[in-house]
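K.L.:
Before I ask anything, here is the structure I am working with.
The values are calculated or read from the model by the stated rules, or taken from the named source; none is laboratory data. As the structure is a computational prediction, the values presented were derived from the model and not from experiment. Counting neighbours? That spans all protein chains shown, and the Cβs are built from the backbone with ideal geometry, glycine included. Only protein heavy atoms, including side chains, enter the accessible area calculation; ligands, DNA and RNA are left aside. Shrake-Rupley method; radii C 1.70, N 1.55, O 1.52, S 1.80 Å.
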There are 2 protein chains.
Amino acid sequence: MDDSTDDDSYHPRKHYAYDRQVSSSRWRTSREYIRGPGPETHTTESAQDGQDPPAGVYSYGYFSGSGNDPQVQGHFVPEIQKYNPYVIFKGEQLPVPIWELPEEKVQDFHDRYFIAKDKSRVEARKTLNRLLEGNINTIERGHGYKFNIPKYTDNMEFNEEVKVSLAKAGKTISRSFCNANQREVASRTGYTIDLIERTLGAGLNISKRTVLYTNKDLFGDQSKSDQAINDICALTNIRRGSLGIIAAEKGIVVGNIFLELTNGKSISCSIGVQIPHRLDQIKDVCVEIGSRNIEYILVVEKHTMLNYLLEMDYHTNNNCIILTGCGMPTLQTRDFLRFLKQRTGLPVFGLCDPDPEGISILATYARGSCNSAYDNFNISVPSICWVGLSSSDMIKLNLSETNYSRLSREDKTMLKNLWQDDLSDVWKRRIEEMISFDKKASFEAIHSLGFDYFATNLLPDMINKVREGYVQVQEKKEPQDTEASED
Amino acid sequence: MDDSTDDDSYHPRKHYAYDRQVSSSRWRTSREYIRGPGPETHTTESAQDGQDPPAGVYSYGYFSGSGNDPQVQGHFVPEIQKYNPYVIFKGEQLPVPIWELPEEKVQDFHDRYFIAKDKSRVEARKTLNRLLEGNINTIERGHGYKFNIPKYTDNMEFNEEVKVSLAKAGKTISRSFCNANQREVASRTGYTIDLIERTLGAGLNISKRTVLYTNKDLFGDQSKSDQAINDICALTNIRRGSLGIIAAEKGIVVGNIFLELTNGKSISCSIGVQIPHRLDQIKDVCVEIGSRNIEYILVVEKHTMLNYLLEMDYHTNNNCIILTGCGMPTLQTRDFLRFLKQRTGLPVFGLCDPDPEGISILATYARGSCNSAYDNFNISVPSICWVGLSSSDMIKLNLSETNYSRLSREDKTMLKNLWQDDLSDVWKRRIEEMISFDKKASFEAIHSLGFDYFATNLLPDMINKVREGYVQVQEKKEPQDTEASED
């Protein structure tokens, strides 16, 4: 079935009596002629110019399902295992979720690839102490102060089976104090091992930013302290969280759910709560009493996107959980998404601005990043479907030029690098479109069609289209500056 | 009593066996020699070089009071009405909190100053419709499309009685479509009135950012759409929240408290929750069962500050609520602080980086801003005490130069503008110090003294000093580049 959906039902222009004649654009509020499932019939509040609503009048209504009807007790509706080409990976073979892999298969992955593990604080401290002692021996044997660190960056491979980018095991890089070029990085590594060992001993967690400032003379800037932390995760084969290292920033989650914590507290997410960085603090995730079934998780790129949708009560009207990492997600936010997906089985949809950065953020949730390659296996969610916004979504909306800015050289380089990867045909075609469209925008540009149009109409339609997964997989094309093709 | 606290008890260097001899700085974890009230005696985990802890060994301990002991039920400990010179205003006469002013006194303020009021959505819509109809009359009478807007910016006065900057009533500015220079601003104002009227009609709230994007051709950038919104608040004498306009960003609150919402839900703040923008959604603020008395509200400048303190369980160990506006606070965050102060009576302490921007953010919480002058009376908290960080705090810590950067020209201008205001002597002296110190830093620089030193030692000490309010008011000095004087 052809992906293009240019029949009458979708074209936004026909959904709105949108009248540019008068000096400022006047349009009826989106409530009057909205298409979409809803309990109430449409309300014609004021047909100013007597024009009848277009054929196929729509029903629409707002209701806040949450907390109104204590008899209602919703649950999580797991994803039906059907292939949906809006996912990032090529081909139609669905990956088995990592947490459902049999034990021996997981072990095989751990042998072939370099994958960090969770450890208790006591074990982590022992490993660090053994490392320090091991160094004293190499010094005593005259080999000096030296680390052999598994090579996790520039040593990646996209694994077709689990559809995640993983660091191949076997190669190492040396950090030797005796080598003049490696002396600084070796002392940063040694210093950080000692710092982490003491943090674990004090029963604390510290942020990456705090690590930098404990010795700014030594590190200079955060890229160096981050590198030392990642090296130690690689060296010890222990995940960053188990070493007591966290991110200073936190993602936000909204939904008619609550998190049951191990300390007995329950945290309602209905007005937006910070994601706890220690997932072992969360005993369970539950649907709030009085809320209907939850049907999907919506990952959004920006904090302002989450707050706009929260304001429109989107999570209640569309029975979903909304999560944001407030830009590029931290390891904790990515791990929380994997945790939510594993616990609830819900499908995951991704929403970003129609720009290169938005695509790269969704790709990180789906298949991981280079810097934390040692953790990609544990926290990636390759089944995330890129709902939008794509250039073709924007082209259809016919927005004014002031909403757009040209792609910069860096933008185009980022798009072409993304395109080189093993991507699904929908992802590749959308990247090609953006290169030829040569413009980017922010999702708020859509508010020029009505401040609630995006939340009440466009986004639900886009998600329904993706959920039905009826797109035809077309042949792959090279990224010349071809005319924007219909999505 | 002299403010300088250079006796043995305070100097950080003596608190730490801090030993620079070895290549990387080694110091014992802060837990071993910590001064401060705590239930356990100190633990000497490892006196590596046999050195006895300094005289006056300290007791220290961690305990998580929250949720451990269901019999414990803390409450909010109201501020004792004693003058504390760390507040922003001059002189020693404490202002009566605005919400305790008698009715006729409030009316008097409303007559002398321009102060916006809360209104129901129905009333707000009527006012806007009257405004539009009023305009049709002026057009019919040949006077064209015209607004007379109360002059709220550059028309401010610091009121000694309530210690807040207020916009004087009486003056107006005209926005006339017939005047070529005012045509654009008049059409933006007209367009925004119509947009707000429809938002109210749809029962929705929209963010300032959404207003911009509903017609980017007309506004161009957010400063213009914000100006139109503020003009309409002035024109209608209605607060922005009552017009359904909110900020896209939100502050975060942490504490062993929960917010009881009008929809029956209770929102625990123990891991950090977004501040609801509609305070009428909050029925009450309560201390969590099992938590001890809450003693103060700590307003922090940055999100990373809040997360660092959350990580150190500062709110539990020091019985406080922590609030951040993630930088310059929105009206909602400032209003939430006023709401918390009014409901709990707790003292409010402000913590910021030792830089001009941090000082200006705390000043905004205390006495308001120009752009929203019409709302300062409703949401300012002049009794906020500036705990730190000041330049003299940093000078005492003897941190390495890499943690500092020079004040820019804009920084110095900002400091001198702040200094011109009616400020207390402590604020003035600290600003003078920063000008002569000519450097700024981020609070994380203090982590070089131990990653938990700031949360477990320096900050509690600073707050105790402010709470005891024992500073000597010294004479005022002009801001030449004088030698940094002791705080």
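K.L.:
Taking the Cα centre of the range A:250-468 as the origin, how large is its charge dipole in debye, to the nearest 20, when only Lys and Arg (+1) and Asp and Glu (-1) carry charge on their Cβ atoms?
P.N.:
380
K.L.:
Could you report the accessible area of residue B:249 in Å², rounded to 10, computed with a 1.4 Å probe on the protein chains as they sit in the structure?
P.N.:
100
K.L.:
Once fully extended, how much extra length lies between residue B:438 and residue B:172, figured as 0.36 nm per residue of separation less the alpha-carbon to alpha-carbon distance?
P.N.:
Working: separation 266, 0.36 × 266 = 95.76 nm, distance 4.11 nm.
Length gained between residue B:438 and residue B:172: 91.7 nm.
K.L.:
I've got another one for you. Can you give me the relative contact order of the range A:103-246 as a percent, contacts being Cα pairs under 8 Å and 6 or more apart?
P.N.:
Averaging sequence separation for qualifying contacts and normalising by length gives 31 percent for the range A:103-246.
K.L.:
Given a cut-off of 30 Å, what percent of all Cα-Cα pairs of the range A:250-468 lie beyond it? Numbers along the way, then the final one.
P.N.:
On the way: 5254 of 23871 pairs.
The calculated P(r) of the range A:250-468 puts 22 percent of pairs beyond 30 Å.
K.L.:
Could I ask something else about it? Just by accessible area at a 1.4 angstrom probe, what is the order of A:106, A:348 from largest to smallest?
P.N.:
A:106, A:348
K.L.:
Could you please put A:313, A:154 in sequence from largest to smallest accessible area, using a 1.4 Å probe?
P.N.:
A:154, A:313
K.L.:
So, in Å, what gap is there between the alpha-carbon centers of the range A:395-442 and the range A:116-149?
P.N.:
Centre-to-centre distance over Cα atoms comes out at 46 Å.
K.L.:
Something else about it: How far, in nm to one decimal, is residue B:120 from itself in the other copies if the label point is set 7 angstrom along Cα toward Cβ? Shortest first, please.
P.N.:
6.2
K.L.:
Whenever you get a sec, line up A:442, B:266 from highest to lowest accessible area (probe 1.4 Å, protein heavy atoms).
P.N.:
The residues order as B:266, A:442, largest area first.
K.L.:
Express as a percent, rounded to the nearest 5, the fraction of DSSP beta bridges in the range A:103-246 (both residues included) that run antiparallel. Walk me through the numbers on the way to the answer.
P.N.:
Numbers: 10 of 13 bridges.
Just about 75 percent of them are antiparallel.
K.L.:
Further question: Please state the relative contact order of the range B:161-293 as a whole percent: Cα pairs under 8 Å, 6+ residues apart?
P.N.:
17
K.L.:
From the label point of residue A:154, set 7 Å along Cα to the beta carbon, how far off in nm is each other copy's matching point, shortest first?
P.N.:
Result for residue A:154, in nm, nearest copy first: 5.8.
K.L.:
Based on alpha-carbon positions alone, could you give the equivalent ellipsoid semi-axes of the range A:103-246 from the gyration tensor, as √(5λ), descending, whole Å?
P.N.:
25, 19, 16
K.L.:
With a 1.4 Å probe and all protein chains kept in place, how much accessible area does residue A:233 have, in Å² rounded to the nearest 10?
P.N.:
0
K.L.:
For residue A:105, which lysines qualify as cross-link partners when the Cα separation must be under 19 Å and same-chain residues fewer than eight apart are set aside?
P.N.:
The qualifying lysines are A:117, A:163, A:168.
K.L.:
In addition: Report, to one decimal in Å, the Kirkwood hydrodynamic radius for the range B:254-383 based on all distinct Cα pairs.
P.N.:
Final number for the Kirkwood radius of the range B:254-383 is 14.9 Å.
K.L.:
Also, I was wondering about something else. Residue of B with Cβ nearest the axis relating B to A, plus distance in whole Å?
P.N.:
Nearest Cβ to that rotation axis, in whole Å: B:273, 2.
K.L.:
Peptide B:448-456: average number of partner chain Cβ atoms within 10 Å per residue?
P.N.:
Partner-chain Cβ atoms within 10 Å, mean over residues of B:448-456: 4.
K.L.:
Moving on. Let me confirm the definition first: pairs of Lys residues in the range A:250-468, 8 or more apart or on different chains, C-alpha distance under 19 Å. How many are there?
P.N.:
For the range A:250-468, the number of qualifying lysine pairs is 17.
K.L.:
Would you please give the FRET efficiency between residue A:217 and residue A:153, computed as 1/(1 + (r/R0)^6) with r the Cβ-Cβ distance and R0 = 25 Å, to the nearest 0.05?
P.N.:
0.45
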